[in-house]
Amino acid sequence: MASIVGVIFSSLNEQNIPELTKVRSVGSIPYGGRYRLVDFALSNMVNSGITTVGMVTKNNYQSLMDHLGSGKNWDLARKEGGLILLPPYSSDSETLYTNRLEALKGATAFLKKSKEDFVVLADSDAVYKLDYSKVVDYHIKKNADITLVYHEGKIKKSHYYMTVDTNKDGRISDIEINTLADGLHKNYINVMVARTSFLLMLIQNAIQCGYKSFGRDILGPGVKTYKIYGYKHEGYYENIDSLQSFFKANYDLLNNDIRNEIFGARDVYTKVNDSAPAKFTETSSVKNSLVSDGCYIEGTVENCILFRGVKVGKGSSLKNCIIFSENIIGENCNLQYVISDKDCFITDNRVLAGCETQPFFINKGTKI
């Protein structure tokens, strides 16, 4: 088996979903009642046999550190390798990075110390399952310089996105950034494989040439210079690049087939929290919902995702809502298409409503 080191970017693309990244990094955005988005990239690493992972931090990463701890829940609390938090700036700079290339410059020292032959780079803003070791095997088979993982589907035109074209052999013939064309495309999912030495060469060259963008200055022009191949990811994939996509990704869990695909076969690991089981009173009614441990339900809950410790008062009705942990919903409230961040208090007799394409969002710690 090829030796592989992993690098996960915990805070790239935070501008796409400012409502949820005001107080946390992208990777620590809650998902599915008990998980964080970073759990998917990190679990993919562990399930692929990668035992050394560098986590590139930025700002608002206190909740990320609390969640990851020593890496024990992912079997990454090790004397050698394991989970290593990387600072948000390089050794010769005190300025926070602003893009992927600057983040990679900050990870240079970590990569130089690593003994692994190959490196997998992954973002933490998506829900998917992927065996990275198979991507590395494909990379070796093709004798590629760089392998980019893509997923076929419609373009989600966020702040920054990349599409690729491949020939019959799988080699990438063209890379477009922020294309305006509609229809189905091969969308790069921000998972990349390269030899560690080759990536370090690219970073060093970028520093010497004063490059600003990894995509525009290296990958785009590199199509003609380097052997860049595409690896197709099959199966469920949802990029969290807006409040709407966050709502959809959580709501997808109410579909049995999607839920079984995401959490079946290879495990998704997360921080263990030993809470009391959820309690449902005689006045409660729950349909087609995910209710986490520690919840206390007296009202009606339908098509909802409730995180740990949520309390729903008597006579209240929640439909199509995502309620983060430790929320208190008073009595006789009516909530529809609401996303409520942590530690909110909705007092009695409140009516709050959004819609599927524009959920009503409540900031962390708000009292209404």
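The values are calculated or read from the model by the stated rules, or taken from the named source; none is laboratory data. Just so it is clear, the model here is predicted, and its values are computed rather than measured. Here the Cβ is made from the backbone with ideal geometry for all residues, glycine too, and neighbour counts use every protein chain on show. Calculation scope for accessible area: heavy atoms of the full protein, side chains included, ligands and nucleic acids excluded. Shrake-Rupley method; radii C 1.70, N 1.55, O 1.52, S 1.80 Å.
What to note about this one:
- Listed pairs 22/72; 154/232; 22/342; 168/227; 58/271; 58/115 exceeding 19 Å between Cα atoms: 22/72; 58/271; 58/115
- Surface exposure of the chain, expressed per residue as accessible area with a 1.4 Å probe, stands at 45 Å².
- Amide hydrogen neighbours beyond the local backbone of residue 173, cut-off 5 Å, H modeled: 165, 166, 167
- Whole-Hz ³J(HN,Hα) from phi, Karplus 6.51 cos²θ - 1.76 cosθ + 1.60, for region 332-338, glycine and proline x: 6, 8, 10, 10, 9, 6, 10
- Taken about its Cα centre, the chain carries a charge dipole of about 520 debye when Lys and Arg each add +1 at the Cβ and Asp and Glu each add -1 at the Cβ.
- If you sort 275, 10, 325 by accessible surface, 1.4 Å probe, largest first, the order is 275, 325, 10.
- The HN-Hα couplings worked out from phi for region 118-133 by the Karplus form 6.51 cos²θ - 1.76 cosθ + 1.60 (θ = phi - 60°) are 10, 10, 10, 9, 8, 7, 10, 10, 9, 10, 5, 10, 8, 8, 5, 5 Hz, whole numbers, x standing for Gly and Pro.
- Interchain or long-range residues, amide H under 5 Å from residue 78's placed H: 83
- When the GluC sites (Glu not before Pro) in region 236-339 are filtered for DSSP coil states and for at most 13 other beta-carbon atoms within 10 Å of their beta-carbon, the remaining sites are 282.
- Extreme residue, positive dipole direction of the chain, given options 243, 163, 198 (C-beta unit charges): 198
- Per-q log10 I(q)/I(0), region 1-101, q = 0.15, 0.16, 0.20 Å⁻¹ (Debye; single scatterer per alpha-carbon; no solvent): -0.62, -0.70, -1.05
- Long-range amide H partners of residue 309 with built H, under 5 Å: 294, 295, 326
- Fraction of beta bridges assigned by DSSP in the chain that are antiparallel (%, nearest 5): 35
- What a 1.4 Å probe finds exposed on region 25-115 is 46% carbon and sulfur by accessible area, rounded to a whole percent.
- 3J(HN,Hα) along region 4-9, derived from phi through the Karplus expression 6.51 cos²θ - 1.76 cosθ + 1.60 where θ = phi - 60°, amounts to 10, 10, x, 10, 10, 8 Hz, with x in place of Gly and Pro.
- Over region 293-359, the Kirkwood radius and the radius of gyration, each from Cα atoms, give a ratio Rg/Rh of 0.92.
- Cα-based reach from residue 279 at 17 Å (exclusive), listing aspartates and glutamates while leaving out same-chain residues under 8 positions away: 293, 298, 302, 326, 331
- Once the mean of 1/r is taken over each pair of separate Cα atoms and inverted, region 63-133 shows a Kirkwood hydrodynamic radius of 14.2 Å.
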